[in-house]
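Undergrad: The structure follows.
The values are calculated or read from the model by the stated rules, or taken from the named source; none is laboratory data. What you are looking at is a predicted structure, and each value in this text was computed from that prediction instead of being measured. Positions of Cβ are generated from backbone atoms using ideal geometry, with glycine treated the same way; all protein chains shown enter the neighbour counts.
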């Protein structure tokens with residue numbers, strides 16, 4: 001059971017061509033419950049990737065505190081980047097097992113490959129993969145470490161709609177097999193509604209949390225585009241401040 005508390009007072013960095021600092025995040029407070037699929041929605045450039053990097057511990061140059069509550073052990077964090085970041089000289093399977101301990105169970109990798117429909121491609125090199133397949137490999141790699149927290153930074157960007165939908169369904173299938181806390185960054189509201197238990201809307205810089213909304217559409221009808229659109233329209237009607245973020 002892993003919950004995350006975010007309290008970032010300030011995150012700034014030098015702005016290109018300017019003498020002053022760019023303030024990316026200011027007074028951001030979030031409480032992220034255990035085992036929820038949470039989508040962070042905000043405009044491009046608002047600092048969503050910066051926030052994930054801070055939570056992952058990749059960026060420590062900020063004022064504030066990130067608390068990851070985990071019983072009995074240090075939490076394991078998986079990260080799926082916008083770019084799949086596969087090593088071209090390693091096969092699909094080798095890319096997945098690269099970060100695993102030497103005594104890992106091969107059956108775990110086999111099961112992930114099967115769920116993501118990549119068993120037949122496990123010995124293929126990345127140059128022969130489509131973008132959608134490469135993104136599925138990066139998701140498997142993150143799941144293979146058995147994470148307590150999974151960070152996903154717009155992992156389906158640039159995919160065509162049918163491929164993105166297929167990968168989303170495979171992702172949810174994996175997550176439901178072993179629920180854990182997921183933070184999924186996107187600027188696509190329909191995608192967020194299709195995936196999330198909870199939506200958190202983030203402002204333009206300096207980033208702040210504007211709204212937090214639960215998605216009450218049953219999981220078994222999340223593939224119904226009519227239901228997704230009806231929820232989206234009601235959401236925009238009830239929360240007009242969100243329109244400016246999309």
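Undergrad: Only one of 216, 223 is surrounded by fewer than 16 Cβ atoms within 10 Å (Cβ to Cβ), modelled with pLDDT under 90 and within 22 Å of residue 171 (Cβ to Cβ); which?
TA: None of the others qualify; the one that does is 223.
Undergrad: Still on this structure: Residues that are within 22 Å of residue 164 (Cβ to Cβ), without any contact (Cβ under 8 Å) to a residue 12 or more places away in the chain, under 22 Å from the mean Cα position of the chain (by Cα) and surrounded by fewer than 16 Cβ atoms within 10 Å (Cβ to Cβ): does the range 110-126 have at least one?
TA: The answer is yes; a qualifying residue exists.
Undergrad: Looking at (1) assigned to a helix (DSSP H, G or I); (2) at pLDDT below 95; (3) out of contact with any strand residue (DSSP E or B) (no Cβ under 9 Å at 6 or more places or on another chain), can you tell me which one residue 228 breaks?
TA: Result: residue 228 fails condition (2) only.
Undergrad: Restricting to the range 127-160, name every residue that is part of a loop (DSSP other than H, G, I, E, B) and under 14 Å from the mean Cα position of the chain (by Cα).
TA: 147, 148, 154, 155, 156, 157
Undergrad: Restricted to the range 141-168, and to residues that are in contact with a helix residue (DSSP H, G or I) (Cβ under 7 Å, 6 or more places away or on another chain) and under 15 Å from residue 180 (Cα atoms), which residue is surrounded by the fewest Cβ atoms within 10 Å (Cβ to Cβ)?
TA: Ranking the qualifying residues of the range 141-168, first place goes to 144.
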